[in-house]
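Here the structure is laid out as structure tokens; the discussion comes afterwards.
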Amino acid sequence: MTEDIYILGIESSCDETAASVVKNGREVLSNVISSQIDLHTLYGGVVPEIASRKHIEKINQVVQQALKEAQMNWDDITAIAVTYGPGLVGALLVGVSFAKSLAFALNKPLVGVHHIEGHISANYIQHKGLEPPFACLVVSGGHTHLVVVEDYGKYQILGATRDDAAGEAFDKVARAIGLGYPGGPKIDKISKEGNPDAIPFPRAKVEGNEYDFSFSGLKSSVLNYINSCEMKHETVPTADVAASFQKAVVDVLVDHAMMGVEKYGFKKLAIAGGVASNSALRAAFEKACKEHDVLFYCPSPILCTDNAAMIAAAGYYEYVQGKRSGWDLNAVPNLKLGER
């Protein structure tokens, strides 16, 4: 019988300090997340220096809590996985430095994990039977990628954003219509009160790659609409703006993903990342996949946001493939998927 593998995952790429213990890449024994949302809401977005300091304060407590909830001690842990990019450099350094110190002191293998690979791997936790190959749309505050998951740890990027990520556009539009930070959940909520067809916001197509995304023009169109209302002394229909904007984003994401699925003949499509918890996006993908006879996978909302369980899951597949990181592992804020 093969011996069980327990990975301690550590995530600190942005404003969540997280640690998790995952068994054999699929079974979550603990998943502890210390969020800084309330703190950064005061500033309308994430302040990198504040995020870094808060990670330093919380990381030891979070890791200890993850170990306690998993009912394990250090000897039980097989290896330590940590996000080393992409993300905020100061925030990443806290997690990487802590993981390296821990691995060195305990004489445990160290595995550096790509943050986007972690988001993709959240689907392995939610859907125990999911295996590559499949297509995956990763949509978050910093990333919008349409990826072919050829095998564990092997990816082909079909398309990516040329400017704003989808989640970034949500935050900027939410701020513009007075909803505040974080934008995604607030737009999702108020959109249920609005008419998604009220305002014909544009759906951008990118020259040179039909799978690439662009949301800066859509964001500018929303701002222009708001300015026009104000100049005419008209009340901005907040719910209609939110709903129409959200529909424009969802339409583009679903259209590009389904185009890739159809062209490459995939029968499995997954979504991942913070924006993947958006109710309109999930509903649209469920409908589109059903119409195209494609199996649809998405993680639970808690696994869509930044968490360490997804990092431990990704780290497991890196570990079993024999990949290890050295003591020179460093934070790489602009790390590309597939790079090491």
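The values are calculated or read from the model by the stated rules, or taken from the named source; none is laboratory data. No experiment lies behind these values; they were computed from the predicted model shown. Positions of Cβ are generated from backbone atoms using ideal geometry, with glycine treated the same way; all protein chains shown enter the neighbour counts.
Below are the figures for this structure:
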quantity	calculated
Options T41, T83; residue that is under 25 Å from L130 (Cα atoms) and not assigned by TED's automatic domain parsing to the domain that holds P185	T83
Residue within segment 240-247 that is surrounded by fewer than 21 Cβ atoms within 10 Å (Cβ to Cβ), assigned to a helix (DSSP H, G or I), out of contact with any strand residue (DSSP E or B) (no Cβ under 6 Å at 6 or more places or on another chain) and not charged (D, E, K, R) present	no
Candidate set from segment 208-242 (those that are closer than 30 Å to V147 by Cβ and among the aromatic types (F, W, Y)); member that is farthest from the chain's Cα centre (by Cα)	Y211
Condition met for I177 (touching a residue at least 24 places away in the same chain (Cβ under 8 Å), surrounded by 14 or more Cβ atoms within 10 Å (Cβ to Cβ) and farther than 28 Å from H40 by Cα)	no
Cross-chain or 6+ apart pairs with Cβ under 9 Å, segment 45-71 first and among the acidic types (D, E), then in a helix (DSSP H, G or I)	E49/G90
In segment 281-335, residue farthest from P86 (Cα to Cα) [restricted to those that are in contact with a Pro (Cβ under 8 Å, 6 or more places away or on another chain) and part of a loop (DSSP other than H, G, I, E, B)]	R324
Residue list for segment 301-324, restricted to those being among the aliphatic types (A, V, I, L, M) and under 18 Å from the mean Cα position of the chain (by Cα)	I302, L303, A308, A309, M310, I311, A312, A313, A314
Total residues in segment 247-280, condition among the aliphatic types (A, V, I, L, M) and either without any contact (Cβ under 8 Å) to a residue 40 or more places away in the chain or not assigned by TED's automatic domain parsing to the domain that holds G208 (or both)	3
Residues being closer than 12 Å to Y317 by Cα, surrounded by fewer than 24 Cβ atoms within 10 Å (Cβ to Cβ) and in contact (Cβ under 8 Å) with a residue 40 or more places away in the chain - total across segment 112-153	2
Matching option when the condition is in a loop (DSSP other than H, G, I, E, B) and under 23 Å from the mean Cα position of the chain (by Cα), among Y43, Y84	Y43
Subset of segment 183-198 that is in a helix (DSSP H, G or I) and among the small types (G, A, S) - its residue that is farthest from S214 (Cα to Cα)	S191
Any hit, segment 80-96, residues being surrounded by fewer than 23 Cβ atoms within 10 Å (Cβ to Cβ), of a type in the set (S, T, Y) and farther than 14 Å from L269 by Cα	no
Matching residues, segment 132-154, being touching a Cys at 6+ places or on another chain (Cβ under 9 Å), more than 13 Å from K336 (Cα to Cα) and outside any strand (DSSP E or B)	S140, G141
Among (1) on the phi < 0 side of the Ramachandran plot; (2) surrounded by fewer than 21 Cβ atoms within 10 Å (Cβ to Cβ), the one test that L269 misses	(2)
Some residue of segment 199-209 being surrounded by 19 or more Cβ atoms within 10 Å (Cβ to Cβ), in contact with a helix residue (DSSP H, G or I) (Cβ under 7 Å, 6 or more places away or on another chain), assigned to a helix (DSSP H, G or I) and not aliphatic (A, V, I, L, M)	no
So A283, is it within 21 Å of the chain's Cα centre (by Cα) and either surrounded by 15 or more Cβ atoms within 10 Å (Cβ to Cβ) or in contact (Cβ under 8 Å) with a residue 12 or more places away in the chain (or both)	no
Filter result (part of a loop (DSSP other than H, G, I, E, B) and touching a helix residue (DSSP H, G or I) at 6+ places or on another chain (Cβ under 6 Å)) within segment 110-131	L130
Selection within segment 3-34 - more than 20 Å from E57 (Cβ to Cβ), outside any strand (DSSP E or B) and out of contact with any Phe, Trp or Tyr (no Cβ under 9 Å at 6 or more places or on another chain)	E3, D4
Hey, T161 over 30 Å from Y264 (Cα atoms), of a type in the set (S, T, Y) and surrounded by 14 or more Cβ atoms within 10 Å (Cβ to Cβ) or not	no
